[in-house]
Amino acid sequence: MKPLKIISTGAYVPERVVTNDDLSEIVDTSDAWIRERTGIRERRIASDDECTSILAARALEDACRHAELDPQDLDAIIVGTSTPDAIFPSTACWLQRELGLSGIPAFDVMAGCSGFLYALEVASGLLAGQTARRVGVVGAECMSRVVDWTDRRTCVLFGDAAGAAIIEAGDGSSGVLSSNWGSDGTLADILCVPAGGTREPATEQTVANRRHFVHMEGSRVFIHAVKAMSRSVRKALDDAGLSGEAVDVFIPHQANIRIMEATRERTGIPADRVYSVLERYGNISAASVPVAIHEARQAGVLRDGAILALTAFGTGLTWAGAVLRV
Ligand code: UT7
């Protein structure tokens, strides 16, 4: 076991709630379709003066408050996001600026919806190597800025939020029992924002062609998501020598209730172990796992000593899975 203690968690969701009925006023959709095909009832949308680093800063502050720490007490900050404030500098540096911090290393991990689990993997390596003693790990997304609000196939799916965890090596009674991660760049184009980077720089034409918005081949992504997440959880359980039954709380990435359920079925984890925030927040990408962990802790569902299984899948394609004793 790699020693790791989640000493606190935090979350931030914007105030504005957008329901499925609200969306049916701007695109040709319905509450019934969205609920049946995705399990989503509503999502939060950032205000004009909020961007990813602001959501991230609020979530990290919340985690610090729960630990009775000052953000200055952290040794490093890692932000998992695919909706950065800007191409550069990193969203983690914008977050530092928002919190008035300087000195400690702050950087982003870009792994789409797998961003938080990738960041956690990096952070646990920093702890194991004694490069850091206490790391703030954040998953934050402002998806509303990159979805095409005229495209019903994607705009109904996503939401804005941030979740954070403060981790230390701990006393050895908790940690990562096993973890795995992977990616497949050959499928980079089935879920991407095509323009705005160096591959396809911004021009009037790219804007006119709406190439700065999310492009997703939904059903292909669906199939890969189920395969990759169920495989990574099964591997993590096998490597930890545990059965699905041994899992107390299962938090898969929350993109679609059908993906979550098909993934769970293939892992042998009982249905009552799943903790979901999907219905209220939609697909909040890298924020989904940490927000769900935070809410599960707050609700008393995730207690010290529990076996927690996590998995995520996203653009890249990327995936990750982990089993922890918390
Ligand atoms: O976070 C990781 C990345 N994202 C995901 O994991 C998402 C993966 N994909 C999905 O969750 C699902 O593929 C979707 C929810 C995006 C779509 O569900 P689906 O069951 O795969 O539907 P579909 O794309 O096959 O579309 C079925 C029908 C189509 O109409 P026709 O061609 O059969 O007449 C769509 O045009 O549903 C139509 N449709 C809609 N109808 C009402 C698509 N979006 C909507 C909508 N409202 N919002």
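The values are calculated or read from the model by the stated rules, or taken from the named source; none is laboratory data. Fair warning: this is a prediction, and the values are worked out from it, not measured in the lab. Note: ideal-geometry Cβ built from the backbone for every residue, glycine included; neighbour counts use all protein chains shown.
GLU121 - would you say it is more than 16 Å from the ligand (Cβ to nearest atom), among the acidic types (Asp, Glu), touching a Lys or Arg at 6+ places or on another chain (Cβ under 6 Å) and not assigned by TED's automatic domain parsing to the domain that holds ALA255?
On the way: more than 16 Å from the ligand (Cβ to nearest atom): yes; among the acidic types (Asp, Glu): yes; touching a Lys or Arg at 6+ places or on another chain (Cβ under 6 Å): no; not assigned by TED's automatic domain parsing to the domain that holds ALA255: yes.
No: the conditions fail for GLU121.
Checking ASP70 against (1) surrounded by 20 or more Cβ atoms within 10 Å (Cβ to Cβ); (2) free of Cβ contacts under 8 Å to residues at least 40 places away in the same chain; (3) more than 17 Å from the chain's Cα centre (by Cα), which single condition isn't satisfied?
(1)
For the stretch 164-178, state whether one or more residues are within 16 Å of the ligand (Cβ to nearest atom), touching a helix residue (DSSP H, G or I) at 6+ places or on another chain (Cβ under 9 Å) and among the hydrophobic types (A, V, I, L, M, F, W, C).
Restricting attention to the stretch 164-178, the residues satisfying the condition of being within 16 Å of the ligand (Cβ to nearest atom) are none.
No.
Any idea which of (1) surrounded by 18 or more Cβ atoms within 10 Å (Cβ to Cβ); (2) more than 25 Å from GLY218 (Cβ to Cβ) is the one PRO105 doesn't satisfy?
(1)
Has the stretch 196-212 got at least one residue that is closer than 23 Å to ALA111 by Cα and buried (at least 19 other Cβ atoms within 10 Å of the Cβ)?
No, the conditions are met nowhere in the stretch 196-212.
Report yes if some residue within the stretch 276-299 is modelled with pLDDT of 95 or more, under 18 Å from ALA320 (Cβ atoms), surrounded by fewer than 19 Cβ atoms within 10 Å (Cβ to Cβ) and more than 14 Å from the ligand (Cβ to nearest atom); otherwise report no.
Keep residues of the stretch 276-299 that are modelled with pLDDT of 95 or more, which gives 276-299.
Checking the rest, the ones that are also under 18 Å from ALA320 (Cβ atoms) come to 283-293.
Now narrow it down to the ones that are surrounded by fewer than 19 Cβ atoms within 10 Å (Cβ to Cβ): none.
There is no residue in the stretch 276-299 that is modelled with pLDDT of 95 or more, under 18 Å from ALA320 (Cβ atoms), surrounded by fewer than 19 Cβ atoms within 10 Å (Cβ to Cβ) and more than 14 Å from the ligand (Cβ to nearest atom).
Test ALA92 against the stated conditions and say whether it is closer than 24 Å to ALA128 by Cα and under 21 Å from the mean Cα position of the chain (by Cα).
Values: closer than 24 Å to ALA128 by Cα: yes; under 21 Å from the mean Cα position of the chain (by Cα): yes.
Here the answer is yes, as ALA92 does meet what is asked.
Pairs needed: first member in the stretch 303-315, in the same structural domain as THR263 (by TED's automatic domain parsing); second member anywhere, charged (D, E, K, R) and in a strand (DSSP E or B); C-beta distance under 9 Å; at least 6 residues apart or different chains.
GLY305/ARG325; ALA306/ARG325; ILE307/ARG325; LEU308/ARG325
Given (1) among the aliphatic types (A, V, I, L, M); (2) more than 15 Å from GLY314 (Cβ to Cβ); (3) within 14 Å of the ligand (Cβ to nearest atom); (4) crowded, with 23+ Cβ neighbours inside 10 Å, where does ILE269 come up short, assuming only one miss?
Only one criterion in (1) among the aliphatic types (A, V, I, L, M); (2) more than 15 Å from GLY314 (Cβ to Cβ); (3) within 14 Å of the ligand (Cβ to nearest atom); (4) crowded, with 23+ Cβ neighbours inside 10 Å is unmet by ILE269, namely (3).
Condition test on ALA286, is it more than 14 Å from the chain's Cα centre (by Cα) and either under 21 Å from VAL13 (Cβ atoms) or not assigned by TED's automatic domain parsing to the domain that holds ARG35 (or both)?
no
Would you check if PRO71 is out of contact with any Pro (no Cβ under 9 Å at 6 or more places or on another chain), over 20 Å from ALA292 (Cα atoms) and not aromatic (Phe, Trp, Tyr)?
Details: out of contact with any Pro (no Cβ under 9 Å at 6 or more places or on another chain): yes; over 20 Å from ALA292 (Cα atoms): yes; not aromatic (Phe, Trp, Tyr): yes.
Yes; evaluated as a whole, the condition is true for this residue.
Identify the residue in the stretch 19-51 that is under 22 Å from GLY112 (Cβ atoms) and within 16 Å of the ligand (Cβ to nearest atom) and, among all such residues, is surrounded by the fewest Cβ atoms within 10 Å (Cβ to Cβ). Quick ask: steps written out before the conclusion?
Keep residues of the stretch 19-51 that are under 22 Å from GLY112 (Cβ atoms), which gives 34, 37-40, 43-46, 50-51.
Keeping just the survivors that are within 16 Å of the ligand (Cβ to nearest atom) gives 34, 37-40, 43.
Working: ILE34: 22, ARG37: 15, THR38: 20, GLY39: 19, ILE40: 26, ARG43: 30.
Restricting to residues being under 22 Å from GLY112 (Cβ atoms) and within 16 Å of the ligand (Cβ to nearest atom), the top hit is ARG37.
Does the stretch 203-257 hold any residues that are within 12 Å of the ligand (Cβ to nearest atom) and more than 30 Å from GLY175 (Cα to Cα), and which are they?
Matches in the stretch 203-257: VAL214, HIS215, MET216, GLU217, GLY218, SER219, ARG220, VAL221, PHE222, ILE223.
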